[in-house]
């Protein structure tokens, strides 16, 4: 393998990495999700929040990479269609957004949250569906199907495809860590009123995202019925 070939491979892998980052970032939306996350953990101390953020980041990375690698095959194995994931996930996301939107900030707040119980919720609901929801999973599955052809690879387990997927997902999750880790600092800059407004707005956006995902799944389902 000559130097020119190596450069071409590196360039193609870098382009694929940017594609993964650019495609996942808007749907994962670390900035908006951080506001929702903060509204759920505003009673936690800084050290516990840091541990929780680390777990969320790790779980998000694993979920994105696994979705790209074998997400489609898992759905096929269990006979689950992508629109079923969108419908079910949309309901969960919309429900989470509605609960955050309507919750009273002065009620149901434990003075000292149990750290074990908080960390046990790192995967659900903090990672799925708050951080990496059904929309992100759907996009990751689509990327997993597209990357091999873009990089002219035989399958997803080609080194270039794996590198691009891991690097792209890692960059997205790195941004998730930064936004979640310092969400409280940003809230202090906004002040009390600004933080409440941002949290309510983010909760409403989360609810709307859930409704949109649900509508997309229902539209795909109806289209499938018409085809049959």
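The values are calculated or read from the model by the stated rules, or taken from the named source; none is laboratory data. Not measured: the values here are computed from a predicted model. In this analysis, Cβ positions are derived from the backbone assuming ideal geometry, glycine residues included, and neighbour counts consider all displayed protein chains.
Worth a mention:
- When residue 130 is tested against (1) within 21 Å of residue 43 (Cβ to Cβ); (2) at pLDDT 80 or above; (3) more than 14 Å from the chain's Cα centre (by Cα), just one condition goes unmet, and that condition is (3).
- No other residue among 47, 4 is over 18 Å from the mean Cα position of the chain (by Cα), free of Cβ contacts under 8 Å to residues at least 12 places away in the same chain, closer than 30 Å to residue 184 by Cβ and loosely packed, with under 13 Cβ neighbours inside 10 Å apart from 47.
- Among the residues making up segment 118-161, those that are assigned to a helix (DSSP H, G or I) and without any contact (Cβ under 8 Å) to a residue 12 or more places away in the chain are 120, 124, 142, 146, 149, 159.
- Here residue 56 does not qualify as under 12 Å from the mean Cα position of the chain (by Cα), part of a helix (DSSP H, G or I) and surrounded by fewer than 18 Cβ atoms within 10 Å (Cβ to Cβ).
- Just one of the numbered conditions (1) closer than 18 Å to residue 119 by Cβ; (2) in a helix (DSSP H, G or I) is not true of residue 31: (1).
- Evaluation of residue 123 against the conditions (1) crowded, with 20+ Cβ neighbours inside 10 Å; (2) within 14 Å of the chain's Cα centre (by Cα) shows that the sole unmet condition is (1).
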